[in-house]
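Below: one structure, written as structure tokens.
The values are calculated or read from the model by the stated rules, or taken from the named source; none is laboratory data. These numbers come from a predicted model, not from an experiment. Ideal geometry is used to build each Cβ from the backbone, glycine not excepted, and the neighbour counts take in all protein chains shown. Calculation scope for accessible area: heavy atoms of the full protein, side chains included, ligands and nucleic acids excluded. Shrake-Rupley method; radii C 1.70, N 1.55, O 1.52, S 1.80 Å.
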Amino acid sequence: MLRSFDTVWQATADLMRGRPARLTGAALATVMFAFMGGVATGTITGFTPFGTSSDASSGISASPQVQAVKEQVRNQAIARVAGGRMAAPVTRLPAVSASMSDAAFYAVTANAVQIAGTQRLNKKFANLSPKQLERERKCLAEAIYHEARSEGAQGKLAVAEVVLTRADDRRYPSTICGVVYQGSNLSTGCQFSWTCDGLRDTAAEKDAWEKSMSIASYVMLDVKWEEVTGKATHYHADYVSPYWAPTLDETATVGRHVFYRWTAYNGLRDS
């Protein structure tokens, strides 16, 4: 059995280059599922599946019947990659860890979001309309982008964790957007300075924005990842010393940010 996502990724890359995967049995089967699943889902490009033609009629490939078959194959491939079995339901989404490289981190988050689709997210936030749910996701991505766009994957995840921890704490608003934009209507008192500095909040860096959206989509799912902030509710850049820092418990340093939580961490909302 493969021991890590990086091993699957490397073995799949070897297959793409025409090299032997150097794996046998169940491990080889897992890699083959990942490889063919990547082809079917579009994750792996530049490879034409057996029995297809690159000059096939675009009119035929765009027909509803063909699109339906493509969707069926895609869903089957996702199930195979996730569970290693044709018909096994995916009950536990792949989780990121602190030891992962950024490349592996973003591959895992993208895979989890693809596997989950929309149903799992809608179920978790059943009290929100699709429009409200999308707004929540965008608010979280905006916080990640503006607070940590120059950070690595773990640094972006850390900001997302603080927002979600606050949303679960009765001392703060109960929604993601409420947490992110708390106090934004005031010239002072906003919780995130970019929400009340009077500057345009356009996400100009496309790559950083896409990564922020990917992480936001991932952490909003019913997935348990290796947390990096210790349930922090506050943080600051490592080159400043805010007055409130000594009144809280320091929990972690991730990238250029130092994280804290309330000394008496008892603010969780009643479930």
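Order the peptides 156-168, 199-211, 99-111, 231-243 from the highest to the lowest mean number of other Cβ atoms within 10 Å of their residues. Before the final figure, lay out each step's value.
Numbers: 156-168: 23.1, 199-211: 12.2, 99-111: 18.2, 231-243: 15.3.
Answer by packing, highest mean first, reads 156-168, 99-111, 231-243, 199-211.
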#### Entry: Accessible solvent surface per residue of segment 134-209, calculated while the other protein chains remain in place, 1.4 angstrom probe, Å²
46
### Distant-in-sequence amide H partners of His236 (H built 1.01 Å from N, under 5 Å)
Val258
## Note on the structure
Note on segment 182-271: C-alpha Rg/Rh, Kirkwood Rh, two decimals, gives 0.98
#### Entry: With every protein chain in place, segment 97-159: carbon and sulfur % of accessible area (1.4 Å)
51
### Query
Cα centroids of segment 215-267 and segment 149-208: how far apart, whole angstrom?
13
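Using the Cα centre of segment 181-271 as the reference point, and only Cβ charges (+1 on K/R, -1 on D/E), how large is the resulting charge dipole? Debye, rounded to the nearest 20.
Values: 8 positive and 12 negative charges, 22 e Å.
The dipole of segment 181-271 has a size of about 100 debye.
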### Ser184-Asp207 FRET efficiency (beta carbon distance; Förster radius 22 Å; 0.05 resolution)
0.25
### Carbon/sulfur fraction of accessible area - segment 176-219, other protein chains in place, 1.4 Å, %
49
